[in-house]
Amino acid sequence: MTGTSLFHEQTARQRIAALVDPRSFAEMLPPPERLTSPYLAQLGIPVSFDDGVVIGKAKLGGKEIYIAAQVGQFVGGAVGEIHGAKLTGLFKAAARDQVPCVLIIESGGVRLHEGSAGEIAIAETMRAIFECRAKKVPTIAVIATDIGAYGGIGILSTCCDFRVMTEHGRLGISGPIVIEKWMGKKAYDSANRALVWKTSGGKTKYLLGDADALVHDSADAIRDAVAKLLGKSSAITLTSVKTRQKELEKRLKRFGDTADPDAVWKAMGVRDIAGASLASGPEFAAMAKRGK
Amino acid sequence: MEKFAKAFPSKPLKTTAGKPWALAGVVGSGNLEVLVERGSRPSDAMDCHVETSIPGYKASWLAALADFAHHYPAGGTKVTINDQGAPPVLVTLRLRQAYDHLTKGEK
Amino acid sequence: MTTAKTALRRLNKAQRLERVGKLARGKFVSPDNVPQLLKRIIEPGDILCLEGDNQKQADFLANQLATLDKKDLHDIHLVMSCITLPAHIELFKKGMIRQVDFCYAGPQGTAVADLVKAKKFPVGAIHTYNELYARYYIDLTPRVALIAAAQADRKGNLFLAANTEDTPAIVEPTAFSDGIVFAQVNEIVDKLPRIDIPADQVDFVVEAPYPMHLQALFTRDPAAITDVQVLMAMVALRGIYEKYEVQSLNHGVGFNTAAIELLLPTYGERLGLKGKICKYWMVNPLPTMIPAIESGWVESVFAVGGEVGMERYTAARSDVFFTGRDGSFHSNRAMGQLAGHYAIDMFIGASLQIDINGNSSTVSKNRITGFGGAPNMGCQPTGRRHPTKAWLKAGAEANPGPGSPPGRKLVVQMVETFQAGRVPTFVEELDAAEPSIRKALHGVTPVMIYGDDVTHIVTEEGIANLAACRSIAERQAAIRAVAGYTPVGLKRKKRETEELRRRGIVQMPEDVGVRPSEASRSLLATQDIKGLVRWSNGLYDPPSQFVDW
């Protein structure tokens, strides 16, 4: 007796189970191992058996993959020492075994309580991602919740080959409140949820080419998108970085002075702003002319 | 933080097959995670370990856990809980979900 | 003699109007002249009615009133539905108020409690809505009423748009007793969409520099509904709605009842209940009802007020909502409360505190809120004579005596055993019974719904059927049985609970066919506000704080 199961409403474990082939997921360092954060315990903050990230091996459409899912409810999905080590290890294993790696992101970045360890772990994970890419092992980030991908994890997500997003997902570096704090409420009102999603939400990220797929908020849709991207990977080269830099410069020149996110949508070919705002991910993708 | 442990009399688990452990819930504000594992001794007790961020509610915790052990055959299990201020009803609900997963092998 | 006496009150009104002089051009007053005009039309000792309820506020007039001083205005007997604005509190701080009679003080509950402690809150009584409106016709008839409307035309006719709310209940007793009616309007136009208050009953009109304050009170974001609330909603649907075949009803504003509304098109449909329950509603246009309306569950909805953002939707669904000839939504609080009192099978709502006898209240020493619409609907109307299935069934269970009505309205309290922050909902004694509060209220404990009127309490533990209890002791045992792990609940005796359960007075979720592990948000017709907009085919315009697209 279940109704619709929205991906963004599921727990990390449910998301993995719903995404991969039935009963194919084998968790690494599962809860009974009790690898919990010693720092949080010292500070009197509740710990979690998986330190906020579930990792393991599974099959997707019969193909072997490594997969991780962050737990956004647990200290904002932030990366501490153990959480980070699990991520690093997973991507290193992916590079070693030449098995694609999927990361279901839900994280504000580094965990303040164990900052240095988190920073280092994120950097090491990025290095492992580059190692994957050098070997053309596909790396895919899924960003499907409002906790989204921010801070170091926002950057990390852009190191992957592809990003699959939903309309609920958000991608950025500084969070809305931080931007407001530095730039003032006039420049960026973090309480204006429509503005926040129009600047960092999945639709805008897809329009600008930061997300490679914009899909329904369901495990089926995300699985299809991931499956399509699993076969492809490209190495990061000096040329590819330079090309990307040029694209970003062009974007800055085009939209740098724009204060109105609707103007960006219009310039990117969206005609019916109200309709597009309300549209689902794939409807939006169909309505919009996609650009870089 | 408050920590306590207590074993409650409970009829032994019916099945010996199925998963060795099951987890329900997440640690987050007003929420908790419950880990239930097989193979604990004695087989006629539910061995509970609770760590909670809100001290002072031991009586209702113990009453909720005792009721669960009374209503369901959970003897021979070890129950470990990380809590961030969940209301008692969630304790019962998550316990029940973890127990269902453990005994029925659901996801 | 009689004619002379009649003339006195009329003469007094004429004198006040004369004092206004050039401050008004006919009925029309410029915003700058409002404080001066108020000084001239209000006299010391007046009963002054300030329009404001939990949604709509004559806030411009209230703010202007608050700029006056005690020397301008004093010994005022203030009568009003809701003390909601900082400006209202200001009147007390300035010592202008001789007595106040009101219903509700939601957002100012803490400020009112402070005023009570400082002995600056000379309260007559905390009323229920219709009780206060009734007194406007008896012993609390306003001399001056400051009201709010959407539009006025050049003659002074008023259009109230979706938020009619209290206005007619205030204007009629005032206008027909030589009182003065002063309206703030959002705009003055040549032609009104429809006339809700005739110019004949209006003395002054000001076009306020800002639109009246409207609180989005009934918007509940489905994203905030929890699995536990879904569980309770399932239990209520099976154990009460289905059991009694509840056809006409009122819902409170909480997330519990929002969960029920969102389960109708999914869980309710699967239970085969469509067409059998929930057809006639006395409730504000709740956005969470959109899926049930769109799925064809609802025959009609009458409302005490509007809801921000529901204007286009309610106009489009005039087959369900009451609308004017212009096609737009119409509400009326006095009539709605009357309907909710006499003509519904069930009232279901939440409360902050319930005592061991089933009395509920939201008042505590540090927060004096009062009552919303609950007490008029959450009580037994012994003036009722017409039977319905639900009314007779509930009546039979209550085992009526030879001198009591054969039926009963279902009055259901639906609460989680703990509030946020692990504050227990169930208590041995209400905070409202605190001696200082009782003293301020002349010996009355501000009870929202009396235990004798409650037929059922629903918690996540199950249902207690209080109407079926045969003694006070039994009622207390039934309440303890569903009070969970609160101190009140921990005092229950296992054997007593089992006996009540055997007799069907206490029912656990399993007893009404609900498996707790099935309870999941995924059962809701939609999980977020955006989903409601999609259900409405884009006709619902949620307030910006709910919009993330």
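Just so you know, all these numbers are worked out from the coordinates, no wet-lab data involved. As the structure is a prediction and not an experimental result, all values here were calculated from the model. Note that we place each Cβ from the backbone using ideal geometry, even for glycine, and neighbour counts take in every protein chain shown.
Using only helices, what value at 222 nm comes out for chain C when you add -39,500 (n - 2.57) per DSSP H run of length 4 or more and divide by the total residues, to the nearest 500 deg cm²/dmol?
-8000 deg cm²/dmol
Nearest 5 percent is fine: what portion of the DSSP beta bridges confined to the protein assembly as shown is antiparallel? Working shown, then result.
Details: 53 of 127 bridges.
So the antiparallel bridges amount to about 40 percent of the total.
Could you state the angle between the C-alpha long axis of helix C:333-342 and the longest principal axis of the C-alpha atoms of chain C, as a value from 0 to 90 degrees rounded to the nearest 10?
Its long axis makes an angle of about 30 degrees.
If I model a spin label at A:Ala227 and C:Lys493 as a point 7 Å from the Cα along the Cα→Cβ vector, what separation in nanometres do I get?
6.3
Rounded to the nearest Å, what's the spacing between the alpha carbon centres of region C:534-549 and region C:192-270? Just the number, please.
After rounding, the separation between the Cα centres reads 16 Å.
Is there a pair in C:Lys56/C:Lys389; A:Lys205/A:Lys232; A:Lys185/C:Lys117; B:Lys78/B:Lys104; A:Lys203/A:Lys228; B:Lys11/C:Lys243 whose C-alpha atoms are over 29 Å apart, and which pairs would that be?
Details: C:Lys56/C:Lys389 36 Å; A:Lys205/A:Lys232 21 Å; A:Lys185/C:Lys117 38 Å; B:Lys78/B:Lys104 17 Å; A:Lys203/A:Lys228 20 Å; B:Lys11/C:Lys243 35 Å.
In this structure, C:Lys56/C:Lys389; A:Lys185/C:Lys117; B:Lys11/C:Lys243 exceed 29 Å between Cα atoms.
Could you size up the charge dipole of region C:17-214 around its Cα centre, putting +1 on the beta carbon of Lys and Arg and -1 on that of Asp and Glu, and report it in debye to the nearest 20?
Charge dipole, region C:17-214, about its Cα centre: 540 debye, nearest 20.
Helix-derived [θ] at 222 nm for chain A: sum -39500 (n - 2.57) over DSSP H runs of at least 4, divide by residue count, nearest 500?
Computed mean residue ellipticity for chain A: -13000 deg cm²/dmol.
To test your reading of the geometry: what angle, between 0 and 90 degrees and rounded to tens, separates the Cα axis of helix C:227-236 from the longest principal axis of chain C?
Approximately 80 degrees, to the nearest ten.
In which sequence would C:Asp200, C:Asp72, C:Asp46 go, from the one with the fewest C-beta neighbours within 10 Å to the one with the most? Spell out each step's value before the answer.
Details: C:Asp200 9, C:Asp72 17, C:Asp46 20.
Going from least to most buried by this count: C:Asp200, C:Asp72, C:Asp46.
Restrict the search to region A:101-176; then list the trypsin sites (Lys or Arg not before Pro) that DSSP places in a loop and that have at most 13 other Cβ atoms within 10 Å of their Cβ.
When the trypsin sites (Lys or Arg not before Pro) of region A:101-176 are filtered for loop state and at most 13 Cβ neighbours within 10 Å, A:Lys135, A:Lys136 remain.
Taking 0.36 nm per residue of sequence separation and subtracting the Cα-Cα distance, how much length would be gained by fully extending the chain between C:Ser471 and C:Ser177, in nm to one decimal? Display every interim value, and only then the final one.
Values: separation 294, 0.36 × 294 = 105.84 nm, distance 4.89 nm.
Additional length available on full extension: 101.0 nm.
All other residues with a Cβ under 10 Å from the Cβ of B:Thr80 taken together, and with Lys, Arg as +1 and Asp, Glu as -1, what is their net charge?
The answer is -2.
First measure r as the distance between the Cβ atoms of A:Asp272 and C:Ile188, then evaluate 1/(1 + (r/R0)^6) with R0 = 41 Å and state the FRET efficiency to the nearest 0.05.
The pair A:Asp272/C:Ile188 has a calculated efficiency of 0.70.
Multiply the residue separation of C:Gln36 and C:Glu131 by 0.36 nm, subtract the distance between their alpha-carbon atoms, and state the gained length in nm to one decimal.
That works out to 30.9 nm of additional length.
Viscosity 1.567 mPa s, temperature 4 °C: what is the translational diffusion coefficient of region C:155-250 from Stokes-Einstein with a Kirkwood Rh over Cα pairs, rounded to a whole number of µm²/s?
Estimated diffusion coefficient is 75 µm²/s.
Give the long-range amide H neighbours of C:Ile368: residues separated by 5 or more places, or on another chain, with amide H under 5 Å away, using H modelled in the peptide plane at 1.01 Å from N.
Amide H to amide H, under 5 Å and 5 or more residues apart or across chains, C:Ile368 pairs with C:Thr110, C:Val112, C:Ala113.
Take the Cβ-Cβ distance between A:Lys242 and B:His49 as r, set R0 to 56 Å, and report the resulting FRET efficiency rounded to the nearest 0.05. Present the calculation step by step, with values, prior to reporting the outcome.
Working: r = 56 Å, r/R0 = 1.00.
So, using R0 = 56 Å, E works out to roughly 0.50.
Considering the options A:Gly62, A:Pro31, A:Ile16, tell which one lies farthest towards the positive end of the dipole of region A:1-131, charges being +1 on Lys and Arg and -1 on Asp and Glu at the Cβ, about the Cα centre.
The Cα lying farthest towards the positive end belongs to A:Gly62.
From the square roots a ≥ b ≥ c of the eigenvalues of the alpha-carbon gyration tensor of chain C, which class results: rounded (a/c under 1.5), prolate (a/b over b/c), or oblate?
Prolate shape, in that a/c is at least 1.5 and a/b is the bigger ratio.
Give the percent of DSSP beta bridges with both residues in chain C that are antiparallel, rounded to the nearest 5.
So the antiparallel bridges amount to about 30 percent of the total.
Rounded, prolate or oblate for region C:17-214? Axes are the square roots of the Cα gyration tensor eigenvalues, ordered a ≥ b ≥ c, and the cut-off for rounded is a/c under 1.5. Don't skip to the answer; put the middle values down first.
On the way: a/c = 1.61, a/b = 1.39, b/c = 1.16.
Prolate is the answer for region C:17-214, as a/c is 1.5 or above and a/b outweighs b/c.
Quick one: which residues, 5 or more positions from C:Glu460 or on another chain, have an amide H under 5 Å from its amide H? H modelled 1.01 Å from N in the peptide plane, none for Pro or chain starts.
HN-HN under 5 Å from C:Glu460: C:Thr417.
Given +1 on the Cβ of Lys and Arg, -1 on the Cβ of Asp and Glu, and no further charges, what dipole in debye does region B:2-104 carry about its Cα centre, rounded to the nearest 20?
Details: 12 positive and 9 negative charges, 64 e Å.
In debye, rounded to 20, region B:2-104 gives about 300.
For region C:354-383, list residues with backbone N below 15 Å from a point placed 7 Å from the Cα of C:Glu434 toward its Cβ?
Label zone hits: C:361-370.
Once both axes come from the Cα atoms, what is the angle between helix C:2-20 and the longest principal axis of chain C, in degrees from 0 to 90, rounded to 10?
80
Let me test this: with uniform point scatterers at the alpha carbons of the protein assembly as shown, what is the Debye-based log₁₀ I(q)/I(0) at q = 0.06, 0.08, 0.10 1/Å?
-0.50, -0.88, -1.25
Trypsin sites (Lys or Arg not before Pro), restricted to region A:172-240: which are DSSP loop and have at most 13 other Cβ atoms within 10 Å?
In loop regions of region A:172-240 (DSSP not H, G, I, E or B), the sparsely surrounded trypsin sites (Lys or Arg not before Pro) are A:Lys185, A:Lys186, A:Lys232.
Take the alpha carbon atoms of region C:418-452, find their center, do the same for region B:1-75, and report the distance between the two centers in whole angstrom.
Region C:418-452 and region B:1-75 have Cα centres spaced 35 Å from each other.
Beyond 16 Å, what share of the Cα-Cα pairs of region B:1-64 remains, rounded to the nearest whole percent?
Cα-Cα pairs of region B:1-64 separated by over 16 Å account for 55 percent.
When only DSSP loop residues count, what trypsin sites (Lys or Arg not before Pro) in region C:74-124 have their Cβ near at most 11 other Cβ atoms within 10 Å?
Loop-located and lightly packed - C:Lys119.
Looking at region B:2-104, send over the antiparallel percent of its DSSP beta bridges, to the nearest 5.
70
Please work out the C-alpha center-to-center distance from region C:23-75 to region A:244-268 and express it in whole Å.
52
Once the dipole of the protein assembly as shown is set up with Lys and Arg at +1 and Asp and Glu at -1 on Cβ about the Cα centre, which of B:His49, A:Tyr150, C:Tyr485 lies farthest towards its positive end?
Working it through, the farthest residue towards the positive pole turns out to be A:Tyr150.
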